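The values are calculated or read from the model by the stated rules, or taken from the named source; none is laboratory data. Treat the numbers as computed from the prediction; the structure is a model and nothing was measured. In this analysis, Cβ positions are derived from the backbone assuming ideal geometry, glycine residues included, and neighbour counts consider all displayed protein chains. These accessible areas exclude ligands, DNA and RNA; they are computed on the full protein's heavy atoms, side chains included. Shrake-Rupley method; radii C 1.70, N 1.55, O 1.52, S 1.80 Å.
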Amino acid sequence: MTVIMSRFLLCIFVQLLFVFFIPTAFAALPSSTNYKIQSYSFGGGGTRNSTSTNYSLFGISGDITGKTSSTTYTARNGLNYMLQVNVPTAPTVSNPGTTYDRLKLVINTSSNPTDATYAVSISSDNFVSDIRFVKSDNTVGSTLAISDYRTYTNWGAASGVFVTTLKPNTTYYFKVKARQGKYAESNYGPVASVATSNPTLTFALSSSTLTFQTPTAGNNYTDSSESTTVTTSTNAYNGYSVYAHETQSLTAPGGKTIADYTSPNSAPTTWSGTGFGYTTNDTNLTGSGGVNRFASATKYAGFTQAQFGDIVADDTGPVQSSPISNEQFTISYRVTVTGATQAGTYTNTIIYAIAAAY
Amino acid sequence: MSLYKKNVLVLIVFCTLCWITQQRVFARNVLAPTTMVQQSFRITPIIQDLQLTAGKPYTFPLYIENLSTNPSGIHAEVSGLDQESLPDDLISPNPPSLVSWTTLSQTDFIIPPHGTYTLSVTVRPPLFAKDSGYYEAISFTPFISSVQSLTQSIILSKISALVFATIGTLNYSDIVRKVLITDFSPNARVFLIPPQSLSFSVSNTYFTHITASPHLIIQSLFANRKELLLDEKHILPNGKRIWMIPFPLDEFGLFYQATLAVSIGNGEQVTQTTWFFVLPFVVLLGCGVFLGVLLLFIQNRDKNY
């Protein structure tokens with residue numbers, strides 16, 4: 001036991017000797033007859049410097065603008081220069097569809113490599129106080145995230161993207177900066193600007209009155225020669241819808257009426273029997289019953305007297321690259337009576353209501 | 001006249017006839033500048049999206065242009081967004097109305113030919129107005145100023161300008177929580193043939209309207225990836241809109257994954273993913289035969305042992 005204890009104490013003593021008394025062998029600081037490096041440490045992710053009486057070394061980690069300089073000598077950026085990205089020139093911005101809530105943006109790469117990413121800043125006052133960013137989903141946001149930096153391809157390449165959620169009748173300013181890798185990012189380039197338009201709708205009817213031929217045996221008591229052409233222009237993103245209704249059935253003084261054709265707008269039919277109805281040549285009509293339910297203006301429905309009416313013509317857009325301009329649809333009427341129909345002048349009022357779709 | 005000259009003359013006449021015919025055939029949808037239309041109007045702006053403050057009046061102009069060569073009397077009126085005027089795929093209770101807070105500077109006015117009239121619209125939300133979206137339509141209908149024959153039916157146009165308004169501050173982090181993607185089909189997991197269409201609904205339980213902008217990515221094992229930017233739609237508060245699109249991939253892919261991202265502004269998105277297999281009958285049959293052969297092989301091997 002005594003021998004074991006003494007050997008144990010000896011081991012501990014030797015270890016303590018190495019810890020406290022035998023110096024650690026480190027390499028001497030690099031030096032020559034005239035020069036010696038005083039310190040190995042340097043700014044890691046920040047700004048540090050090493051200086052002597054005549055020389056200083058300044059560097060900023062991750063910054064391509066670091067330089068070495070003294071009163072007499074300056075060392076320019078070496079390899080760092082090669083990591084710079086080119087400042088992108090002004091983007092190409094336009095409003096091809098005279099839209100009111102979006103603008104088209106095309107990035108100019110300025111010869112940056114294909115893996116460079118770009119971020120876009122947008123403002124409505126040329127970056128005085130309104131400074132926002134185009135987000136990765138092409139909406140506008142107040143902060144810039146890593147995900148908002150996209151490659152030229154993801155910015156739509158030569159076709160560009162439409163920046164949305166903008167206000168109408170407002171001039172917007174755009175500028176772009178580029179980034180490559182983790183440490184090379186350019187300043188913002190020059191500014192380009194373009195304005196959104198106001199949302200407008202132009203609507204025209206080809207006539208304001210309707211006069212049918214007198215029904216006789218000679219024309220089988222039928223007239224289907226009358227029609228109204230509706231002409232629409234708009235830059236509303238979702239287009240427009242035209243609804244039609246009548247204020248009353250065809251009514252003569254004294255109260256006699258010609259009944260409306262019985263088929264509804266959702267299920268028009270090939271003409272059969274008597275009544276007053278209409279058809280439309282819109283072959284892509286929304287609503288129940290199928291888009292071409294009027295079968296290219298060969299099937300008929302009766303007018304409704306409900307306030308807003310039935311849809312008789314539409315164009316649901318979307319309007320982005322070009323507005324809807326002078327688009328025409330024709331609503332044709334037909335009236336068929338019998339020889340027993342009481343003679344008289346039957347009139348009513350037909351209202352075509354139009355609104356932008358949303 | 002020499003034969004050569006006769007041929008040239010015939011050629012000129014033929015070309016002229018072709019030109020005239022083409023003009024008549026292809027000019028159908030062009031409004032000829034000399035056509036006189038009875039009613040032609042332009043309204044600006046046709047859609048308004050206002051940010052209002054409770055207790056603070058707000059005035060904005062509406063411009064009505066008379067594009068015809070006749071003077072036109074206009075009657076203006078304010079109404080709510082009728083259920084009938086809502087889009088077919090918009091499922092929403094009647095939205096809160098701005099009508100009782102709205103006054104027009106004039107309700108009846110005459111616009112000379114090619115003239116413009118500026119109508120001032122003032123909205124006065126009361127101090128107690130709660131945070132919400134509010135909506136209305138301002139409609140313009142011409143009235144015929146001359147005496148009309150009692151032997152004719154009358155055709156009238158009615159153009160409605162839409163007004164969307166919000167009282168309250170938008171918080172996009174809250175909006176993301178209140179917008180839901182539902183019924184993202186196809187619901188089944190295995191198909192014999194690719195589904196004909198994909199559909200989904202987006203519902204909005206936020207206090208005001210939002211604009212939903214969907215982006216769909218479909219990936220499969222063997223077919224190319226496809227990205228689609230779908231139509232944007234406004235969704236009123238407590239409303240729902242439906243999108244339906246034809247299935248975009250033609251090539252066979254066996255396994256498909258569809259990722260839907262609906263942007264609601266400020267870079268915020270609501271996402272959902274669905275997946276399904278397409279196993280044509282031939283593939284199923286082949287798998288069945290293979291499994292049957294494998295089972296037989298295993299059974300025979302066990303017998304031998």
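Tabulated results
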quantity	calculated
The stretch B:103-232, accessible area per residue, ligands and nucleic acids excluded (1.4 Å, Å²)	48 Å²
Stokes-Einstein translational diffusion, the stretch A:173-308 - Kirkwood Rh over all Cα pairs, 0.692 mPa s, 37 °C, in µm²/s	168 µm²/s
Buried accessible area, chains A and B (both chains, 1.4 Å probe, Å² to nearest 100)	4300 Å²
The stretch A:85-137, dipole about Cα centre (Lys/Arg Cβ +1, Asp/Glu Cβ -1), debye to the nearest 20	80 debye
Square roots of 5 times each gyration tensor eigenvalue, C-alpha, the stretch A:81-149, largest first, Å	23, 15, 12
Cα pair distances of the stretch A:306-358 binned at 10 Å [whole percent]	14, 37, 25, 14, 8, 2
Local net charge near A:Ser224, Cβ-Cβ under 13 Å (Lys/Arg +1, Asp/Glu -1)	0
Under 9 Å, Cβ to Cβ, from A:Phe162 - net charge with Lys/Arg +1 and Asp/Glu -1	+2
Listed residues A:Ala157, A:Ser110, A:Ile122: farthest to the positive end of the dipole of the stretch A:97-161 (Cβ charges)	A:Ala157
Rel. contact order, % - alpha carbon contacts under 8 angstrom, at least six apart, the stretch B:241-299	26 percent
